[in-house]
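Visitor: Please find one structure pasted underneath; my questions will follow.
The values are calculated or read from the model by the stated rules, or taken from the named source; none is laboratory data. Bear in mind that the values here come from a model prediction, so they are computed numbers and not experimental data. Note that each Cβ is placed from the backbone with ideal geometry, even for glycine, and that neighbours are counted across all protein chains shown. Accessible surface is based on the protein model in full, side chains and every heavy atom, while ligands, DNA and RNA are left aside. Shrake-Rupley method; radii C 1.70, N 1.55, O 1.52, S 1.80 Å.
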Amino acid sequence: FTPNEDMVNDQFKVLYLGIKQFSLKIFNRWGQIVFSTSNPEIAWDGKYNGKDCPVGNYFYIIQAVSNNEKFHYNGSINLIR
């Protein structure tokens, strides 16, 4: 994920179909939430409070409900500039 405004991999976004409930939280390495949304249309642009986040690993938790089935995903993403 390279949010450097070159129009390639500039956002971290979840691809979805038929989601009824959604939650995405992104954390820095100290466990601080740097991005959170309940709208799957909204992508993370690599910023926190309007400022570029530093290069490094970030961790995400995704919770969703689709077709009455609950989903839980977590993992890491690497932010590169």
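Visitor: Could you compute the FRET efficiency for Val65 and Trp30, with r as their C-beta to C-beta distance and R0 at 30 Å, rounded to 0.05?
Guide: My answer for the efficiency is 0.50.
Visitor: Net charge around Thr2, counting only other residues with Cβ within less than 14 Å of its Cβ (Lys, Arg = +1; Asp, Glu = -1)?
Guide: The answer is -2.
Visitor: Okay, next question. Students often forget the sequence filter, so: which lysines lie under 21 Å Cα-Cα from Lys47 once same-chain residues fewer than 8 apart are removed?
Guide: Counting by Cα, and skipping residues close in sequence, Lys47 has these lysines nearby: Lys13, Lys25.
Visitor: Separate question: Multiply the residue separation of Asp6 and Tyr48 by 0.36 nm, subtract the distance between their alpha-carbon atoms, and state the gained length in nm to one decimal.
Guide: Gain on stretching Asp6 to Tyr48: 13.2 nm.
Visitor: Here's something else I'd like to know. If you split all Cα-Cα distances of the chain into 10 Å bins from zero, what percentages do you get per bin, shortest first?
Guide: 18, 51, 26, 5
Visitor: Moving on. Would you rank Lys20, Lys47, Lys70 by solvent-accessible area, highest first, keeping every protein chain in place and using a 1.4 Å probe?
Guide: I get Lys70, Lys20, Lys47, largest accessible area first.
Visitor: Given a 1.4 angstrom probe, I'd like the percentage of the accessible area of the chain that is carbon and sulfur, rounded to a whole number.
Guide: Carbon with sulfur: 50 percent of the solvent-accessible area.
Visitor: If you roll a 1.4 Å probe over the heavy atoms of the protein chains, what accessible area per residue do you get for the chain, in Å²?
Guide: 70 Å²
Visitor: Quick one: net charge around Lys20, please, counting Lys, Arg +1 and Asp, Glu -1 for every other residue with C-beta under 15 Å from its C-beta.
Guide: -1
Visitor: So, in nm, how far is label Asn78 from label Ser38 when the simple model puts each one 7 Å beyond its Cα toward the Cβ?
Guide: It works out to 3.5 nm between the two label points.
Visitor: Moving to a separate point now. To the nearest 10 square angstrom, how much accessible area does Tyr16 have with a 1.4 angstrom probe?
Guide: Surface open to solvent at Tyr16 totals about 80 Å².
Visitor: Quick check: net charge around Phe59, other residues with Cβ under 13 Å of its Cβ, Lys/Arg +1 and Asp/Glu -1?
Guide: Cβ neighbours under 13 Å give a net charge of +2.
Visitor: Still on this structure: For the chain, what is the charge dipole size about the Cα centre, in debye to the nearest 20, if Lys and Arg each add +1 at the Cβ and Asp and Glu each add -1 at the Cβ?
Guide: Once rounded to the nearest 20, the dipole reads 300 debye.
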